[in-house]
1. What does the charge count around residue 405 come to, taking other residues whose C-beta lies under 14 Å from its C-beta (Lys +1, Arg +1, Asp -1, Glu -1)?
2. Compute the signed sum of charges (Lys and Arg +1, Asp and Glu -1) over the other residues within less than 15 Å, Cβ to Cβ, of residue 190.
3. Need the list of lysines near residue 230 for cross-linking: C-alpha distance under 27 angstrom, and skip anything on the same chain fewer than eight residues off.
4. With each label point set 7 Å from Cα along the Cα-Cβ vector, what nm distance links residue 99 and residue 457?
5. Percentage of Cα-Cα pair distances in region 492-603 greater than 18 Å, rounded to whole percent?
6. Step through the residues of region 529-544 one at a time and calculate ³J(HN,Hα) from phi using the Karplus curve (6.51 cos²θ - 1.76 cosθ + 1.60, θ = phi - 60°), rounding each to whole Hz and writing x for Gly and Pro.
7. Find out how many positive minus negative residues lie around residue 68, taking Lys and Arg as positive, Asp and Glu as negative, among other residues whose Cβ is under 11 Å from that of residue 68.
8. Which loop GluC sites (Glu not before Pro) in region 280-374, with loop taken from DSSP, have no more than 11 other Cβ atoms within 10 angstrom of their Cβ?
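The values are calculated or read from the model by the stated rules, or taken from the named source; none is laboratory data. Model, not experiment: these values are computed from the prediction. All Cβ positions, even for glycine, are placed from backbone atoms using ideal geometry, and neighbour counts span all protein chains on display. Calculation scope for accessible area: heavy atoms of the full protein, side chains included, ligands and nucleic acids excluded. Shrake-Rupley method; radii C 1.70, N 1.55, O 1.52, S 1.80 Å.
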Amino acid sequence: MRHCLATLAAAVLLLALLSSAARWWQPCLQRLLDPAATQVDAAGQPLSAVQLRAHAHEAFGPGQVVAVQPPSTAGHAAVAVLVGELGPELRYLNPYNGKALPRPRGRHAFAALVRQHQAWGGYGGSLLAAVLAALSCYALQRAPRRDVTTSQAVLVAHASQTGHAEELAEKTAAALQAAGLHVVIKPLGTLTVADLADYQRALLVVSTFGEGEAPDSAQDFSRQLGRSAKLAGLHYGLLALGDSHYPHFCGFGRQLDAWLAGQGATTLFEHIEVDQGDPSAVAAWQTRLTELTGQMAPAWQGPRFDEWRLVDRRRLNPGSLGAGAFHIALAPPADEFPVWQSGDIVEILPQHPPARVQAWLAQQGWDGEQAVAYQDSTCSLQTALANSVWPEAPAADIPSLLAQLKPLRPREYSIASVPDDGRLELLVRQIKLGDELSLGSGWLTEHAPLEGTVRLHIRSNPGFHLPAQPVPMILIGNGTGLASLRAHLKAAPGGGHWLIFGERQAAHDYFYRDELAAWQSDGTLARLDTAFSRDQAARIYVQDLLREAGDEVIAWVERGAALYICGSAAGMAPTVHAVLTELLGEAALASLAQAGRYRRDVY
């Protein structure tokens, strides 16, 4: 098998080089094949490039000529690049009188070559293919020979709600493969508990959702944990992701760990818990992988945070009974055109407000302008403090302080725009902790200066992407949960969708009202229902509207509609889930989630 792969890689390398060489030397090859159509007798001074282009337009049609290249050698014809019936085509002109020469022989073959070369990505694609093929040949030559059965393979399974667990699982699989191990990587939701018995070793990377539950993609597997399985031959390691701000921290990971142990499986090492992406916990997992493979691997690099420019910030709900909700717009770095999908997440690195940093420095009696070594670079002390978690106990001196500083962790927000908007937009609610704004919301809505920089990283969130095939969507959200639903309405092809949106008061909290009305007018939204809880004596919420429209919801789902929920995990999401369970049944809702037609992005 390895020899077949090496042969295939070598063939790709050869084809890439030959196709690029043939494309590059096409004029020379055609002069050899058909001198009468590509060469002329020298007759004085050749025409200028402008004159040749005019003659080319006259001879071949102005809509057909892409470029004209004068000859570099006496006796050679001028080259005209045309848009031919079969793709890009080279024709030739007499450079002394501008007359078109006969079509050269072999033009069909060269047209096919050009089309194929472009399909492979042109010269850049050929170079990349050649480099990858060469590296593949080298890797295959050095790879150890091994005959692998399913039981000998290492299973890497992931259960992810926002894409983070899947990302870590892919890095885990790559580390094992680099050590020469055969790896099978699968979403946990595609497995049964009986499937685990087919493997001798498994590494599981799982997140927790809601009230200690499995992510939506792993709900089917989670329901099987009440069954027994014979897993005495399985050795496993488990990485559990969670957020300690929630009461059931790493709930699903702990449940899975206990169930595996109860079925006779043996742990390779004590399970590791990651609180909000804690780098030290991820590093501990990588250390266990090194012990497992016996091969030291480079430390995993964290995501790159780029500097975007804060170009717009405005409050959308002045006079509201609730906390301020702000529209935030960020422009990408110059000459960069980032790509994301609706439903993706942005990670923002906040900073402590300058006034708070200065007050802390004044209390310590330290000069914030002095240069210090921080995070492999040199910066001012106040910059280091602005970007760090401060120690609880006061430090005796600046070196002791720097030794205790840890970088602030990023805050996650749903993206409310699409790349075609030319900027990244957010809908951010201010959150108060005592008398102060929270670090993330305070940074974006108040402290970051307009036209100043905000460091961010865009992370894929495949669990909340649009359906693979266009279908009607029922979009349900409250408050700032409208953000990613807005992005979906911008990105979804066609129209005919249904939005159910809830907030406090229509007069103050009807976010993007004009935009939603325009989508109603053009058919993007076939239906728009709103629940403003404080506009009447009886409180009305999105779940109440959902229940009232139960028959229509069932009809839409039967016609293939997908359900998207975005907003508060504390109140809205579980009650909406309960209503959908009443209307559709638990089994049907689980089936929709498995098929990617029931997706949630809640926080």
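1. -1
2. Taking every other residue near residue 190 into account, the sum is -3.
3. By straight Cα distance, residue 230 reaches 186.
4. Placing both labels 7 Å beyond Cα along the Cβ direction yields 6.7 nm.
5. 54
6. With coefficients 6.51, -1.76 and 1.60, one gets 10, 10, 10, 9, 5, 9, 8, 8, 4, 7, 5, 10, 10, 4, 5, 5 Hz.
7. +2
8. Passing sites in region 280-374 are 336, 369.
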